[in-house]
Every structure is written in C-alpha cells, then in structure tokens.
Amino acid sequence: MDIKQLLRKNIANLTPYSSARDEFTGSASVFIDANENPIQTGLNRYPDPYQAEVKKRIADIKGVSVPNIFLGNGSDEPIDLLFRAFCEPAVDNIVSINPTYGMYKVCAEINNVEIHYSTLTSEFQMDVDDLLSKVNAQTKMIFICSPNNPTGNCLKREDMLRVIESFHGIVVIDEAYIDFAPGQSLLAELKKFENVVILQTFSKAWGLAGIRLGMAFASEEIVTVLNSIKYPYNINVLTQQKALEVLKDPEKTTQWVASSLQDREALGSKLAKLPFVETVYPSDANFLLVKMSDADGIFNYLMEEGIIVRNRSSVILCDNCLRITIGTPEENETLFTALRNLL
Ligand SMILES: *Cc1c(COP(=O)(O)O)cnc(C)c1O
C-alpha cells in the first residue's frame, strides 16, 4: 500500500515548520537560539518536540520501536490529525462501527468529512461484510474501537484482521481500554501492517487523564506524517515529566488494573441481582454497560443522590442502558446502596 497516494495532496507536499530544537539537537552549553527567557525556572525552555525520553520508556514497556510512536495531546490529537492528513474535506469519507466513541464523528464533522456506519450485531460484534459494504472509492479510513465504548467488549480479533487485510486505506484501532483486556492488543502485529494505527492513552488505566497524553502506534511513514502536521511543541514539559515519573513504575498500573477488574466483577454481580436491572453486559474495560427497566428514571434519581453515571439510552443498541465507570470500592458501594434503596 502506498501511504503517499492516500495522503491529501497539500499534506504530501507540505514543508513542515522547523523549530530551533529541530535544527540543533546535540549538546551545547549556551542556548540562545529560541528567544526563551534564560533564567532557569525548570520551565523556561521549550519542551522536546519529539519527546525522546518518554518515547524510549514507552518503547521498552510496549515492545515497539521509537520511530513507530507518536504522542499527542490526548488520543483526540492523533484522531484529528489523521483526518487532516488523509481526508479531503467534502470529498472523502470514513467508515466506523455503531455504537462507538463519539469523538470520531465530532472530528469527522469538524473536518467536513462524511462518516458511514455499520451497526454492530446484538452481541456487539462487527458484521464485517456489512462494514466492508459501506466502503467506497472515497473511503480513506475505518475506525474500530476495541474494547469498544460504550459496549465494553473486545471485538473479535479475526474480524479486525479481516478488515485490516481487506481495506486499502488506514485502519485505526482505538485501544483506550486495552490495559483492562490483557492479551487482546494488536500492537504485537503492528509490524505486519503498514496501514494500521493503534491508539492507546494515559487517561484510563494509567490514571493520568489530567495530563492529556495519548499514544498512536503506526508505521514509521505514518508517524512521520503526524509529526509533520502537529503543533511543534504539542506535549508540554510538565506532561512529559509526569509521564516519565509514572512510566518508571508500570507495576503500579498493573496493580490498579487488577483491583479494578475485581471491583468490576463484584459490582457487576451485585447489580445483576437488582430486579430493575435487566442485563449487565460482559465487560473488558473499566466500566459496565447496564440495561435497566427505566434508565432515564434511574439516571435522574442517581443524579439527585449526587451520583453521576452516563446515560446511553438514546444510543443505538443501548436502549435503557447506563454506562457505569468502576470507581473506588467506597464509590461502588455508594452507588449500590443508592440503587438498593430504590427497592
Ligand atoms: C477515554 C477514551 C479515549 C481517551 O481519550 P484521551 O483524549 O486520550 O483522553 C480514547 N478513545 C476512547 C474510545 C475512549 O473511551
């Protein structure tokens, strides 16, 4: 596959901004090239535009190479950059599953790109033939999310691989919740596919939604394109420092995930026994999708109790469903007690 052919012409022909730190990357004793304030406050210098240290740690932990990593201001940044790189506004389109994460549609609309949907099956799996039937000559990207939000389940690996092998464009696999679904990542197979972008994030398992740091893993060619169109200093110094600190102790994240999975199972089985709970769907993520007899009523009641869950009842296939994030054991207990008081 020729990635250059897929790119918008203006992006393929772009001369990117060249920052002071692009033009000199060695070591020196006097830096008077970037019009910074020379007083050392710890924050007076521009950040590393390509986040070399952070990427080195991520590469070790994830078993990938540094040139295959792009870092963004949350996963939202690479999602938007992919639209800007590959989709000609008002001409090209993308295909995605439904229901799924809302940001693909928002980015599509901002970029004036049509989105075509393939509805999941009642088991929340892809109908691959239906999905591929939505592809036409102007389809540049397919967005897949696994584990999927808001349904919580992993999509079948063989289905994702079939989409990747059948489509001559970019396939984005959003793995924001993959740390909660061990063994399910497609990252180990990334090298086989030059058209795949895998998204992961520090916002969920790593407990760092506040620092805004998202990862995109892809071929060196795609990473180079994303780097050439991002803001030059997209990841600030504080975010890079905090990420490095947390990446020193990945074991802590593993422990958080393990206890969150236990809490999820405990809460799920308690919820399932409530008479107004119809279904607690199987989850591979840090939330539960729960079908109720009256989701709107229960949502409003919980809100009055000061407990905010996500009402997904207007979403396709999610009639009467609330999406409940696994909180601390105390928060889960507060939720359960409030629901039991409805009896
Ligand atoms: C939470 C979430 C993200 C994370 O977005 P960030 O911008 O990295 O915080 C990405 N994709 C999905 C499906 C999510 O649910």
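The values are calculated or read from the model by the stated rules, or taken from the named source; none is laboratory data. Just so it is clear, the model here is predicted, and its values are computed rather than measured. We place every Cβ from the backbone using ideal geometry, glycine too, and count neighbours over all the protein chains shown. Protein only, heavy atoms only, side chains kept; ligands, DNA and RNA dropped before computing areas. Shrake-Rupley method; radii C 1.70, N 1.55, O 1.52, S 1.80 Å.
Below is a table of values for the structure above.
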{"item": "Check: the range 1-111 dipole with +1 on Lys, Arg Cβ and -1 on Asp, Glu Cβ, in debye", "result": "220"}
{"item": "Rounded to whole Hz, the Karplus (6.51, -1.76, 1.60) HN-Hα couplings of the range 83-95, x for glycine and proline", "result": "4, 5, 7, 10, 10, 6, x, 6, 10, 8, 9, 10, 10"}
{"item": "Amide H within-cut-off set for ASN148, under 5 Å, with H built and near neighbours excluded", "result": "ASN153, CYS154, LEU155"}
{"item": "Solvent exposure, largest accessible area first (probe 1.4 Å, DNA, RNA and ligands not counted), of TRP256, TRP206", "result": "TRP256, TRP206"}
{"item": "Convex hull volume of the range 282-343 per residue (C-alpha atoms, cubic angstrom)", "result": "87"}
{"item": "Alpha carbon convex hull of the range 106-258, projected area averaged over orientations, nm²", "result": "10.3"}
{"item": "Rounded FRET efficiency, nearest 0.05, which uses the C-beta distance separating ALA258 from GLU165 and R0 of 41 Å", "result": "0.75"}
{"item": "Whole-Å semi-axes of the chain's equivalent ellipsoid (Cα gyration tensor)", "result": "37, 27, 17"}
{"item": "Average Cα contact separation per residue, the range 179-223, under 8 Å, 6 or more apart, as relative contact order %", "result": "38"}
{"item": "Whole-Å distance, taken between Cα centres, linking the range 144-211 and the range 52-91", "result": "13"}
{"item": "Computed Rg/Rh of the range 251-322, alpha carbon atoms with Kirkwood Rh", "result": "1.02"}
{"item": "Trypsin sites (Lys or Arg not before Pro) within the range 8-76, DSSP loop, no more than 15 other Cβ atoms inside 10 Å", "result": "ARG45"}
{"item": "Calculated FRET efficiency for the pair ARG310/GLU251, C-beta based, R₀ 25 Å, to 0.05", "result": "0.25"}
{"item": "Reachable lysines, given that their alpha-carbon falls under 30 Å from the alpha-carbon of LYS55 and they are not under 8 places away in the same chain", "result": "LYS4, LYS9, LYS105, LYS140, LYS156, LYS191, LYS192, LYS204, LYS230, LYS242, LYS248, LYS252"}
{"item": "Calculated diffusion of the range 24-69, Stokes-Einstein form, Kirkwood radius summed over Cα pairs, 10 °C and 1.306 mPa s, µm²/s", "result": "124"}
{"item": "Gain on full stretching of the segment that runs from ILE61 to THR25 - 0.36 nm per residue minus C-alpha separation", "result": "10.4 nm"}
{"item": "Chymotrypsin sites (Phe, Trp or Tyr not before Pro) within the range 22-56: DSSP coil, no more than 16 neighbouring Cβ in 10 Å", "result": "PHE24, PHE31"}
{"item": "Heavy atoms of ARG162 accessible to a 1.4 Å probe, total area in Å² rounded to 10", "result": "100"}
{"item": "Equivalent ellipsoid, the range 153-194 (semi-axes from 5 times Cα gyration tensor eigenvalues, Å)", "result": "18, 11, 9"}
{"item": "At R0 = 30 Å, FRET efficiency that the Cβ-Cβ distance of ASN112 and THR279 yields, to 0.05", "result": "0.20"}
{"item": "The chain, relative contact order [Cα under 8 Å, separation at least 6], %", "result": "17"}
{"item": "Mean projection area, nm², convex hull over Cα of the range 1-132", "result": "12.4"}
{"item": "Mean Cβ count within 10 Å, highest first, over the residues of peptides 33-43, 119-129", "result": "119-129, 33-43"}
{"item": "Debye, to nearest 20: dipole size of the chain, +1 on Lys, Arg Cβ, -1 on Asp, Glu Cβ", "result": "340"}
{"item": "The chain: Cys lacking any partner C-beta under 4.7 angstrom", "result": "CYS87, CYS107, CYS145, CYS154"}
{"item": "From the C-alpha gyration tensor of the range 184-324, square roots of 5λ in Å", "result": "35, 18, 17"}
{"item": "For the range 198-281, projected area of the alpha-carbon convex hull averaged over all directions, nm²", "result": "8.2"}
{"item": "Those trypsin sites (Lys or Arg not before Pro) in the range 258-294 that DSSP places in a loop and that have at most 10 other beta carbons within 10 Å", "result": "LYS273"}
{"item": "Residue (of ILE235, VAL163, ALA108) at the positive-pole extreme of the range 78-235, dipole from beta-carbon charges", "result": "ILE235"}
